[in-house]
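Beneath this line is the structure, given in structure tokens, with notes to follow.
Every read-out reported here was derived from the displayed coordinates using simple, explicitly stated rules and does not represent laboratory data. Since this is a predicted model, take the numbers as computed values, not measurements. Note: ideal-geometry Cβ built from the backbone for every residue, glycine included; neighbour counts use all protein chains shown.
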Ligand SMILES: C[S@@+](CC[C@H](N)C(=O)[O-])C[C@H]1O[C@@H](n2cnc3c(N)ncnc32)[C@H](O)[C@@H]1O
């Protein structure tokens, strides 16, 4: 396996509509590079973008990767970048899929969920959905790994993970200045005023904390009294 620094060296192309990696994705990559959460695992990557994490998942020894995007055009960028860095002889499957609406069970789900620009009334929709429904795409004791901002309320995610059967921990935190696009959406800034510890201010500049969260499903068997006709494996 490559040394940690060269794991993150990639040749990435992006078109106008592709998501250009931000410090959020870069921090998730840095944490992925220094941990051993991937080797030998079957991984579902949601919203793979320019393949910055897909390439890393491959380099970290994932046994199989299913990488998704929301449109065929965005997925084409994932494909081009992945193949340019990793070749074609790999265990990668690319799927157009709306978040968790895809098939199969995996050992690990990896994501940098849309938040500021999620376009949902519940801005946390993709985070909450991953935590609430991730189990449907996971094997028993499967894991989720994602990055989020303090603006999206880190304690809220940890509590929601616990409530949904995950042993949750923060694998890393870092602080960085607000992205310029935060100032483009006044409703975002208004909402952030209601989130406790969303950001800190120093010398007139605002900083958010980025955190990489990891959750592992606790073993669970529904009680025999549960009414689960036809969906016993949906627990
Ligand atoms: C914050 S970007 C992260 C991109 C890349 N993984 C990274 O970290 O740089 C979120 C990605 O999710 C994709 N996305 C948005 N809505 C989605 C959906 N409903 N299902 C799957 N992917 C989606 C976006 O196109 C975008 O590439």
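Largest first and in whole Å, the equivalent-ellipsoid semi-axes of the chain read 27, 25, 17, each the square root of five times a Cα gyration tensor eigenvalue.
Taking the helices alone, the chain has a mean residue ellipticity at 222 nm of -8000 deg cm²/dmol, built from -39,500 (n - 2.57) per DSSP H run of at least 4 residues and averaged over all its residues. Contact order for the chain, expressed relative to its length and based on alpha carbon pairs under 8 Å spaced 6+ residues apart, stands at 18 percent.
Spatial offset of the range 170-235 relative to the range 148-163 amounts to 4 Å, using the alpha carbon center of each. The packing ranking of peptides 43-55, 180-192, 132-144, highest mean first, is 43-55, 132-144, 180-192, where packing means the average number of other beta carbon atoms within 10 angstrom of each residue. Estimated at 0.36 nm per residue, the fully extended path between residue 101 and residue 11 surpasses their Cα-Cα distance by 29.4 nm. Measuring from centroid to centroid over Cα atoms, what is the spacing of the range 67-88 and the range 20-62 in Å? Cα centroid of the range 67-88 versus Cα centroid of the range 20-62: 14 Å apart.
Among 149, 118, 157, the largest mean-square fluctuation in a Gaussian network model of the chain (Cα springs under 10 Å) belongs to 118.
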